[in-house]
Amino acid sequence: MAKIALITHVYDDFRDRDFLLRTLAGTWLDTGHEVSLVEGLGPWPDADVAIMHVDLSVVPAAYSEAAKRYPVVVNGAATDIRKRLVSRNLVSRGDDWSGPVIIKTDLNCSGTPEKLADERFRRDGKPSDLPPGPIVSTTRPYPVLPSACEVPAEVWDNPGFAVERFLPEQDQHGYWLRAWVFFGDRERCTRYRGTHPIVKSATIVSRETVAVPDELRAERSRLGFDYGKFDFVVHEGRAILLDANRTPSAPPPSPEVDASNVHLAGGIDSLLKR
């Protein structure tokens, strides 16, 4: 049996949130592994494997440095998931792209984790470990515009935003979003059909299991992911990564999902052998 350390940010509130990793950790405990939770940069326990689960777009250098004590660090190489690194479909002012565009925050998850962490750093009077520069965060859906010509100047001038080509997956049945969840050598990949071009949980009307395209496996290698969830579409036959998340939430429980989560948890064995 292995000793597993879960490394979280001091302001992640890991115990109170519905992270998928909490579900996987429960399976590991049930199968006899020892699991320790690290909250911040305090004393870190000995472990055979550490899972970097800092819920920020950029893992602070101090966390990455401290994790070097462990023989295996899951997601130790996936330190930056900002859109400007993840996306291959960015649009710049003056580009010749004539199709629709979508405006996103450069930070993952609409910049919400950074906004909340920044507020708590200020409240507690502690020095921030967030990347320098303004934090752009929004609670509104990402806007889709007919062309880059309609993007406001303040968006182009603010590096906190990222403008991408809007390339939806659509057929006669509706709009689709695909989600690939993986842990080590275990995975599941699901295609969701929605009623809106931007497919969200509230608009999903059906789902089906699908294969993982080779292009997505190459993106996982490029970004250094051992564990996470990639949202993507297949547009005109090409797989397009939309979002790379190393701290995914747990889906609503069901017998099928529960069995799939147990299967995912078994991926720890492949990482322990690395």
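The values are calculated or read from the model by the stated rules, or taken from the named source; none is laboratory data. This structure is a prediction, so every number in the text was calculated from the model and none was measured. Neighbour counts run over all protein chains shown; Cβ positions are idealised from the backbone, glycine included.
Would it be correct to say that residue 89 is out of contact with any helix residue (DSSP H, G or I) (no Cβ under 6 Å at 6 or more places or on another chain), crowded, with 22+ Cβ neighbours inside 10 Å and closer than 18 Å to residue 230 by Cβ?
No; evaluated as a whole, the condition is false for this residue.
If only one of 274, 191, 220, 246 is within 28 Å of residue 16 (Cα to Cα) and either modelled with pLDDT of 95 or more or loosely packed, with under 13 Cβ neighbours inside 10 Å (or both), which one is it?
Details: 274 fails: within 28 Å of residue 16 (Cα to Cα); 191 fails: within 28 Å of residue 16 (Cα to Cα); 220 fails: within 28 Å of residue 16 (Cα to Cα).
Residue meeting the stated conditions: 246.
Given 205, 233, 212, which one is at pLDDT 95 or above and over 23 Å from residue 111 (Cβ atoms)? Steps first, answer last, please.
Numbers: 205 fails: at pLDDT 95 or above; 233 fails: over 23 Å from residue 111 (Cβ atoms).
After ruling out the rest, the residue left standing is 212.
Restricting the search to the stretch 131-185, which residues are buried (at least 20 other Cβ atoms within 10 Å of the Cβ) and within 30 Å of residue 268 (Cβ to Cβ)?
Across the stretch 131-185, the qualifying residues are 177, 178, 179, 180, 181, 182, 183.
Tally the residues that are more than 15 Å from residue 57 (Cα to Cα) and under 18 Å from the mean Cα position of the chain (by Cα), restricting the search to the stretch 104-137. Even if it seems obvious, please write down each step before you answer.
Going through the stretch 104-137, the residues more than 15 Å from residue 57 (Cα to Cα) turn out to be 119-127.
Now drop any that are not under 18 Å from the mean Cα position of the chain (by Cα), which leaves none.
The number of residues fulfilling the criteria is 0.
Scan the stretch 74-86 and tell me whether some residue there is of a type in the set (D, E, K, R), crowded, with 20+ Cβ neighbours inside 10 Å and under 22 Å from the mean Cα position of the chain (by Cα). Reasoning before the result, please.
First, pick out the residues of the stretch 74-86 that are of a type in the set (D, E, K, R): 80, 82-84.
Within this subset, residues satisfying the condition of being crowded, with 20+ Cβ neighbours inside 10 Å are 83.
Subsequent filtering for residues that are under 22 Å from the mean Cα position of the chain (by Cα) retains 83.
For the stretch 74-86, residues of a type in the set (D, E, K, R), crowded, with 20+ Cβ neighbours inside 10 Å and under 22 Å from the mean Cα position of the chain (by Cα): present.
Among the numbered criteria (1) outside the structural domain of residue 132 (by TED's automatic domain parsing); (2) surrounded by 17 or more Cβ atoms within 10 Å (Cβ to Cβ); (3) over 14 Å from residue 131 (Cα atoms), which single criterion is violated by residue 59?
Failed condition: (3).
Checking the condition outside the structural domain of residue 109 (by TED's automatic domain parsing), acidic (Asp, Glu) and in contact (Cβ under 8 Å) with a residue 40 or more places away in the chain, which residue from 231, 214 passes?
Working: 214 fails: in contact (Cβ under 8 Å) with a residue 40 or more places away in the chain.
Within the list 231, 214, the selection yields 231.
Taking the stretch 169-199 on its own, how many of its residues are of a type outside the set (A, V, I, L, M, F, W, C) and in contact with a Gly (Cβ under 7 Å, 6 or more places away or on another chain)? Step through it out loud before you land on a result.
In the first step, residues of the stretch 169-199 are kept if they are of a type outside the set (A, V, I, L, M, F, W, C); the result is 169-175, 178, 184-188, 190-197.
Filter once more, keeping what is in contact with a Gly (Cβ under 7 Å, 6 or more places away or on another chain): 174-175, 184-186, 193-195.
Result for the stretch 169-199: 8.
When you scan the stretch 23-56, how many residues do you find that are buried (at least 19 other Cβ atoms within 10 Å of the Cβ) and within 22 Å of residue 115 (Cβ to Cβ)?
The qualifying residues number 5.
Pairs please, first residue from the stretch 245-257 and farther than 27 Å from residue 219 by Cβ, second anywhere and modelled with pLDDT of 95 or more, Cβ atoms under 9 Å, 6+ apart in sequence or on different chains.
Within 9 Å, the pairs are 253/23; 253/261.
So residue 118 passes all but one of these: (1) assigned to a helix (DSSP H, G or I); (2) of a type in the set (Asp, Glu); (3) in contact (Cβ under 8 Å) with a residue 24 or more places away in the chain. Which condition number does it fail?
(3)
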